[in-house]
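No value in this document is a laboratory result; all are computed from the given coordinates. Everything numeric in this text was worked out from a predicted model, so none of it was measured. Quick reminder, even Gly has a Cβ in these numbers, built from the backbone with ideal geometry, and neighbours come from all protein chains shown.
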Amino acid sequence: MEHSVAQHDQGGLRTLPGDDLRQILWQFTDRYDLQMLVQAARAVARGPVARLVAEGARNSHEWTAQKAELLKAFDASGITAVFMDPSQGGFVEGPKNFALALVAFELSWVDAGAATCSLAGNLGLSPIHERGTPEQRDTYMHRAVPPQPGEDREIWRGAFSLTEPLPYVGVETGLLGGKVRVREWEDGKEPILQVDKRGRFITNMGFANFVTAAVDSADPRIKGSCMVILEQTDPGVFDRGVPTKKLVHQLSSTCDPVFSLQVPASRIVGGYSLKDGVIVPRYSHGEIIEAVFRRTRVTVGLMTAAKLLSAVEPVIRYQRGRFRGGESIAPGSPRYELGLQQKEDALHRLVDVWATGEAAASLGFAAARLFDDLDPLERQKDEAFAAQGVGGGSAQMRAFRRVQKDALEFLALQAQSAEARDTSRYQALEAETLVQFLVKDALANVLCPACKLWNTGHGANMMREAVSLMGGYGITEDCPGFLGQKWMDAQLEATYEGPEAVQRRQLSVTMVSDLFLTQFRGWISEMRGIAVRRPGTGACTLATAMELWLWTLRHLQEATDAHGGKLYHGNRQGVTFPLADALCWLLASRYQILDLVELDAKGPENPVLAEGLPDLLGFLTDLCHVQAASASGEVGRVCAELVYGYNRHAAWDGGVGCGPDACDPLSVLGADASGSTMPAGPKAGPCVRFDGMEAFVRLRLKLDGCLTGVRLAKDRAADALTQVMIPEALDYPA
Ligand SMILES: Cc1cc2nc3c(=O)[nH]c(=O)nc-3n(C[C@H](O)[C@H](O)[C@H](O)COP(=O)(O)OP(=O)(O)OC[C@H]3O[C@@H](n4cnc5c(N)ncnc54)[C@H](O)[C@@H]3O)c2cc1C
């Protein structure tokens, strides 16, 4: 029998993970409303959305009547109303980040353009939701919700217009070409504004009834920038513009609109005050987009995670059926039953795709849950500041500087065992809104860009792997699971709402905050603890990789390059960006492992899961291990390049090349470093400054040792892929 998969001591997998498992893993077992929402979104995704893709609706740039049917499906299924509070006609109580993440995940399982179409409406509303006046919120949220029984009205759809034709807004959001001026201002009356804005790549523009647009003042009677609400019936020009010739997400509408409209000043998002005859918007456009994107970017990260996990079943089916029907291939023979799954590489690559998808989903859902925790805290924080008479912006920053000490003390107490710590102080700080807000905010400021960056960027690379596993079929429209389209779509997810550079830039600032790094240090002990209780998860590898990352960060913050230049610096993207990337690998792997721990704890309580649970746990443990090893490899590579790469090679300065022992960091450990079998060449002298690097060298060595067993885990996971049962056919297009 040609079966190159090694024999294993344990493991197996009977079925693919189902809803019961996912609910525990992503922590919504107690949310029946969300479980129902998942079913509703799935029915739309695998029904109307899948049929549209199969019928070739992605082959046009225009917003067609056929595509518009999607909006009706969103309305009927409850997807449109998820964003609203029950008082506005919605049905999900409380924060909705996690609910929206689940919807995006389900829709993107089939087509992320459909997900974008649904979410872009929320994005259009988001400036109003996050920073609008109560009247603006009531008006537009109510109009955007589907009619309630007894109501007869059109549903208003929104679009968000920030990006402008070149050379204006893209990554640099401050370079605004859109302008606002006072057009009329009669005494005692509301000023009328003239808004001129051109958009580039604006989603939902083919049908939006209103647009939230970013504009800058071109009038001394208006201060700074703001966002304004534009309606299609406002006097002037509301030109939807030409459709963008996208190669991706064709189930959403994207155009380059032109607006030249007159609107009352009450359309300024968040309102305004009058100071010495000048209109002062309450929020600049920058403040509003910051509040908006920090939530919506998490959802985008989950779109790519869904794609990766959705690839597993079609690839397994393709691999198994690859040779069936061939003359000499009899049913029951390994070639018939396993097909390409007889080949180790095909299995190992699918394990990598699957592990990445799990890690991406864990990171994304953790971020979405965190924002659900943060939302009420943020409101309480605003109320507390208002009560103390603390205004926005710099006044809040000053107030937070005082709270930061308490927040750090809280984290220090949290790191102690319950017996050792000062319980009353701990409880007091735990009850402090501002302390809790600061702690969670510091984490959210890292998790959001990390999830957007890693899930979409690395996710797009891994979608290519998934496509390649389907051979030529992968790059055809007929590929089951639409994998080719998903690969390309992933690139858009890495681009819109701020491309990777934007996320890396944000991370390079937020990941060095004391509040984040204190939490990060705590995670190293947390992973060491998990490694003891659940060996085989890769937690030990991850803890060492985290130590290495932390050491490298500290080193780069203090060290200079061979020319005396500062290394960790905002302009030094060659240093800060790779380090941000490396952190993302660690985060994704950590949340994957934490979800596994959750499943381990809560899984046995679920009777549906009970029987297959040990197999599933074993398999998911192996995936964690595989992913932790990939993460540590990436982190090791990045850190070593940054730590050594900015030194000059002393030997080269003397015109001497490298001797066999010249670049051996082991020399700092006092070992016979090289172990080289090369004949000794001319002595190159000490070529690299290894002094003070002992800890780094030891950690690098330790990291290698931590990889022990990971290939056995990969073999076991690969073997499980040959055993898992999958349905006869994919459940979409139905
Ligand atoms: C299909 C689609 C739908 C979209 N929907 C919307 C929408 O609804 N509303 C909206 O407002 N916008 C929308 N966009 C616009 C999108 O958000 C922007 O395209 C994106 O933010 C990037 O801007 P840009 O294209 O101008 O790229 P650029 O700013 O020109 O960037 C080009 C490249 O240079 C890099 N770069 C730029 N600045 C820096 C820097 N400082 N440091 C390092 N690298 C840098 C970028 O990372 C990128 O790789 C959409 C785009 C597309 C394609």
Practice task
Beta carbons within 10 angstrom, averaged per residue: use that to sort the peptides 407-413, 46-52, 159-165, highest first.
Solution key: 159-165, 46-52, 407-413
Handout entry: Label point distance in nm, Trp185-Ala418, each placed 7 Å from Cα along Cα→Cβ
Key = 6.2
Practice task
Can you pull the one-decimal nm distance between simple spin-label points at Gln66 and Asp561, each 7 Å off the Cα toward Cβ?
Solution key: 5.3
Fill in the blank from the handout: Per the rule of 0.36 nm per residue minus the C-alpha distance, extending Ser328 to Glu598 adds in nm 92.4 nm
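To the nearest 0.05, what FRET efficiency results for Val390 and Arg554 with a Förster distance of 41 Å applied to their C-beta separation?
Values: r = 34 Å, r/R0 = 0.82.
Taking R0 as 41 Å, the efficiency between Val390 and Arg554 is 0.75.
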Problem - Proximal lysines to Lys702, defined as alpha-carbon separation beneath 30 angstrom and excluding residues fewer than eight positions away on the same chain - result: Lys566, Lys683, Lys714
Completion exercise
The local net charge around Val44, scoring Lys/Arg +1 and Asp/Glu -1 for residues other than Val44 whose Cβ lies under 12 Å from its Cβ, equals 0
Completion exercise
Phi-derived 3J(HN,Hα) across the stretch 252-263 with the Karplus relation (6.51, -1.76, 1.60, θ = phi - 60°), rounded Hz, x for Gly and Pro, is 10, 9, 9, 9, 10, x, 10, 10, 9, 10, 9, 9
Exercise for the section: Report the Stokes-Einstein translational diffusion coefficient (µm² s⁻¹, integer) for the stretch 474-622, Rh taken as the Kirkwood radius over Cα pairs, at 25 °C with viscosity 0.890 mPa s. Expected result: 133
Problem - Isotropic mean projected area of the C-alpha convex hull, the stretch 429-513 (nm²) - result: 7.4
Exercise for the section: Determine by what factor the alpha-carbon radius of gyration of the stretch 164-299 differs from 2.2 N^0.38 Å, reporting the quotient. Expected result: 1.07
Fill in the blank from the handout: Expected sort for 130-138, 384-392, 330-338 on mean C-beta neighbours within 10 Å, highest first, is 130-138, 330-338, 384-392
Handout entry: Reach of Lys486 by Cα under 23 Å, taken over lysines that are not fewer than 8 positions away in the same chain
Key = Lys67, Lys245, Lys246, Lys307, Lys452
Completion exercise
Cβ density ranking, 10 Å radius, fewest first, applied to Cys117, Cys663, Cys624, Cys479 yields Cys663, Cys479, Cys117, Cys624
Exercise for the section: Give the residue from Leu579, Ala601, Thr541 lying farthest towards the positive end of the charge dipole for the stretch 518-619; charges sit on Cβ (+1 for Lys and Arg, -1 for Asp and Glu) and the dipole is referred to the Cα centre. Expected result: Leu579
Practice task
Would you please give the residues with an amide H less than 5 Å from that of Tyr272, counting only those at least 5 places away or on a separate chain, with H modeled from the backbone geometry?
Solution key: Arg282
Problem - lysines whose Cα lies under 23 Å from that of Lys189, excluding same-chain neighbours fewer than 8 positions away - result: Lys179, Lys223, Lys275
Practice task
List, in order, the whole-Hz ³J(HN,Hα) value for each residue of the stretch 702-718 obtained from phi through the Karplus relation with A = 6.51, B = -1.76, C = 1.60 and θ = phi - 60°; use x for Gly and Pro.
Solution key: 4, 4, 4, x, 5, 6, 3, x, 5, 6, 5, 4, 5, 4, 5, 4, 5
Practice task
Determine, for each peptide in 57-63, 149-155, 394-400, the mean count of other beta carbons within 10 angstrom over its residues, then list the peptides with the highest first.
Solution key: 57-63, 394-400, 149-155
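Can you sort Tyr644, Tyr732 so the residue with the fewest Cβ neighbours within 10 Å comes first?
By the 10 Å Cβ count, ascending: Tyr644, Tyr732.
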Fill in the blank from the handout: Expected sort for Val195, Val237, Val228 with the fewest Cβ neighbours (10 Å cutoff) up front is Val237, Val195, Val228
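What translational diffusion coefficient, in µm²/s and rounded to a whole number, does the Stokes-Einstein relation yield for the stretch 291-357 at 4 °C and a viscosity of 1.567 mPa s, taking the hydrodynamic radius as the Kirkwood radius over Cα pairs?
Once the numbers are plugged in, D ends up at 93 µm²/s.
Based on the alpha-carbon set only, what is the convex hull volume of the stretch 27-115 divided per residue, in Å³?
Dividing the Cα hull volume of the stretch 27-115 by its residue count gives 93 Å³.
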Handout entry: Cα extents of the stretch 546-654 along the three principal axes, largest first (Å)
Key = 70, 27, 17
Completion exercise
In this structure, the FRET efficiency calculated for Asp704 and Arg528 from their beta-carbon separation, with R0 = 22 Å, to the nearest 0.05, is 0.80
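Please report the antiparallel percentage of the DSSP beta bridges confined to the chain, to the nearest 5.
So the antiparallel bridges in the chain amount to around 80 percent.
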Practice task
Could you tell me the largest-minus-smallest coordinate of the C-alpha atoms of the chain on each of the three principal axes, in descending order and whole angstroms?
Solution key: 91, 69, 60
Completion exercise
Of all C-alpha pairs within the stretch 375-485, those more than 24 angstrom apart amount in percent to 52
Completion exercise
Across 5 Å bins beginning at 0, the whole-percent shares of Cα-Cα pair distances in the stretch 240-286 come to 5, 16, 15, 14, 12, 13, 12, 8, 4, 2, 0
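As a test of the formula, what do you get for the chain when each DSSP H run with n ≥ 4 contributes -39,500 (n - 2.57) and the sum is divided by the residue count, at 222 nm and rounded to the nearest 500 deg cm²/dmol?
Mean residue ellipticity, 222 nm, calculated: -17500 deg cm²/dmol.
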